[in-house]
Structures are given as C-alpha cells and as structure tokens.
Amino acid sequence: MFRTPRCVIVPLSIAALSFAATANAEEATGQAEILDVQYDVESDGADRIHIAGQLRTLTQQVAAASCALTSDIAVEEAHDVLELATAQFDRYIVALKEGDEGLHILHPETRRLTIADIDHVREEWDAIHGAIDSVLEDGHDVESAHIIDDHNLKLLELTTILASDIASQYAHPFEISAADAMTIEIAGRQRMLTQKMAKDACEVWTGYHSEEAKEDLAQTMTIFEASLNALRFGMPEAGIQAAPNDAIRTDLDHLLARWDIIKVNAQTLVDGGTLNDEQKTEVFHDLEVELADLDHLLLDYKEYAERAH
C-alpha cells in the first residue's frame, strides 16, 4: 500500500511555513504581472483559489472523520462530517476543471498544467472513494478506513500542488498585497492542520501507524500554535504582522483559548498517555469548531486585505 513519507507534508517551523507562503505569494504576483489577463467584475480567480485551498483541508477531514467513525468516537458527528466533506470534494474537483456557476467558477479550465494537476488529484481521490462509501454504509468497516488513511498524505501532497499552481495562475496583484496574501495563506493552512491533528490523534488512539502519528501530531501541534501566535502577536522576522484590527484580534483570541484546551488532550497522546471516549470526542469536536472559527478568521482577513489594498 502507498504511504507518502510523512515528514515532507508538515513544515518543521513557522519560518519554513512563512517562507513557503512567501514564495507562493511572490510567484503569484510575478505570474499575474507578466500575464496579460483580463480581470473584471466577473473574474472567478479568487473563488478558484479558495476552492483549491479547501481541497487540502478536505483530504485530512475525510481521513479524520472515517477514523473517528470506525473507532466509535463522535459517531453521528463523524458520519455527517464525512458525508459532507465527500460531497464537497466531489463537487469542487469537478468544478475546477469543468466550471460550476453555483460556486462562481465561470468557465472550464484551459491551462494544461492545471488540468493535469486536477486529473492527478481526481485519480487519487477515485482510489479511495469506494472505501469512503463503504465506511459511510458501515461505520465499523475499519479496513476501508485504513485504505483512506493510507492514501491521505498522497492526496494532501497532490492538492497542495494544485492549490499552489492555481494561486500562481489566478492571483491578482492589484487585489491584495503580497504580505497580506502570505498571511491569508498561513491562516488557510491552519484549517488543514486542524484536520491533520484530528486524523493523527485518531491514528494514535486506534494504534494504526501510532508511532509515526505521535511524531506528526507533535510537529503539527508546534506549527499550529506557533502560527496562531504569529498571526495574533506578529513575527516581524518572518514578515508576519500582528492582528491588524479588533475583529481579527477577537477571532485569534477565541482560537487560542480553545487551542489551550485541545492541546491538553493532544499532548497526552504525544506523551504516550490514553484518553477516554469522552476526551476523544472532545478532540474531534473541538478541532471541528476550531476549523469553523478559522473559516471566520479567513473571511475577516480577506475583508481587511481588500479594504487596505
């Protein structure tokens, strides 16, 4: 069975994360400056970038929810999350290639590189779709959950490549500054990291790839917390400014407060301890709430960036 080396997915430091985000922002700005692209009120570039970024999160959300469901944790919530995440992935990957007016993707993709990226993601997604359907039908189908788990990092890698290429293709330098684009990218990656932590935690308590999952969980916790603190209080050496207005400060304060609760249970797993079912349910549920709050944070960042620019 295929397993991508785990260490290539999670950055080891906030500096590494900000460097990658900066590179993406600079590449996007450069591409937009040299391409003679017509941007008008009907441009769908921002929506394409947003949906491509959502796919990264969904790869981890599907794995986390299938693991929780088949380990009898937060069963109803996990089933609903898995069902919705699967439907969203199905729609988003088709929309990016063929268009979807309901998602404001106004025309089919024409760039061959991007089409190839989409097809690679779709191929990997199709490889686990049957397993997802099986878990939704039978919440105790652990074997199918393992198939999903074994493919999730490869799927994350492919969706990350797709998101980067779509950002470089469609980002518009006159909409937001490069610095704001980097901040939004870091905030967006936080969404994915919530679900990766949920998946890693579940791997630990089910004993599936548990030693690797402990290492991953520890690394992801570090980068998640460092990123939240950088967004809230600033990290000038990495080019990250402190929260720029009251709405964003409030968002980040709520995220940090909930994180203080989540990390107690997560750290127990990293340290080799065990959680009862109630604590496991808290981990899964609280990371879902953290994800929802990050969606709100991203909206506030985008509104701020657009007004400021």
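The values are calculated or read from the model by the stated rules, or taken from the named source; none is laboratory data. Keep in mind that this is a model prediction, so the values were computed, not measured. Note: ideal-geometry Cβ built from the backbone for every residue, glycine included; neighbour counts use all protein chains shown. Heads up: the accessible areas ignore ligands, DNA and RNA and are worked out on the full protein's heavy atoms, side chains in. Shrake-Rupley method; radii C 1.70, N 1.55, O 1.52, S 1.80 Å.
Taken one residue at a time, the phi angles of segment 91-106 give Karplus couplings (6.51, -1.76, 1.60, θ = phi - 60°) of 6, 5, 5, 6, 4, 5, 8, 10, x, 6, 4, x, 9, 6, 9, 8 Hz. Gly and Pro are set to x. Using θ = phi - 60° in the Karplus curve 6.51 cos²θ - 1.76 cosθ + 1.60, the 3J(HN,Hα) couplings for segment 69-85 round to 4, 7, 9, 6, 10, 6, 4, 5, 5, 4, 4, 5, 5, 5, 5, 5, 4 Hz; x is entered for Gly and Pro.
The length gained by stretching the chain between residue 112 and residue 261 to full extension, at 0.36 nm per residue less their Cα-Cα distance, is 49.1 nm. Computed from backbone phi with θ = phi - 60° and the Karplus coefficients 6.51, -1.76 and 1.60, the 3J(HN,Hα) list for segment 227-244 is 5, 4, 5, 5, 5, 6, 10, x, 8, x, 5, 9, x, 10, 8, 5, 3, x Hz; x is used for glycine and proline.
Rolling a 1.4 Å probe across all protein chains gives residue 79 an accessible area of roughly 50 Å². Only the Cβ atoms of Lys and Arg (+1) and of Asp and Glu (-1) were treated as charged; on that basis the dipole of segment 40-170 about its Cα centre amounts to roughly 580 debye.
Lysines within cross-link reach of residue 214: Cα-Cα under 21 Å, excluding same-chain residues under 8 positions apart? Counting by Cα, and skipping residues close in sequence, residue 214 has these lysines nearby: 154, 196, 199, 263, 280. A Förster radius of 51 Å combined with the Cβ-Cβ distance from residue 133 to residue 237 puts the calculated FRET efficiency at roughly 0.60. A cut-off of 5 Å between modelled amide H atoms, ignoring neighbours fewer than 5 places along the same chain, links residue 105 with 100.
Under 5 Å between amide hydrogens, built in the peptide plane, is the criterion, and for residue 240 it picks out 235 among residues at least 5 positions away or on other chains.
Applying both filters, DSSP loop and at most 12 other Cβ atoms within 10 Å, to the chymotrypsin sites (Phe, Trp or Tyr not before Pro) of segment 100-194 gives 174.
Tally Lys/Arg at +1 and Asp/Glu at -1 over every other residue whose Cβ is under 13 Å from the Cβ of residue 249; what's the total? Cβ neighbours under 13 Å give a net charge of -3.
Taking 0.36 nm per residue of separation and subtracting the current Cα-Cα distance, fully stretching the chain between residue 274 and residue 245 would add 6.4 nm. Please work out the Cα center distance from segment 176-207 to segment 282-309, rounded to the nearest Å. That distance is 11 Å. Take the Cα of residue 43, step 7 Å toward its Cβ, do the same at residue 123, and the gap between the two points is 3.3 nm.
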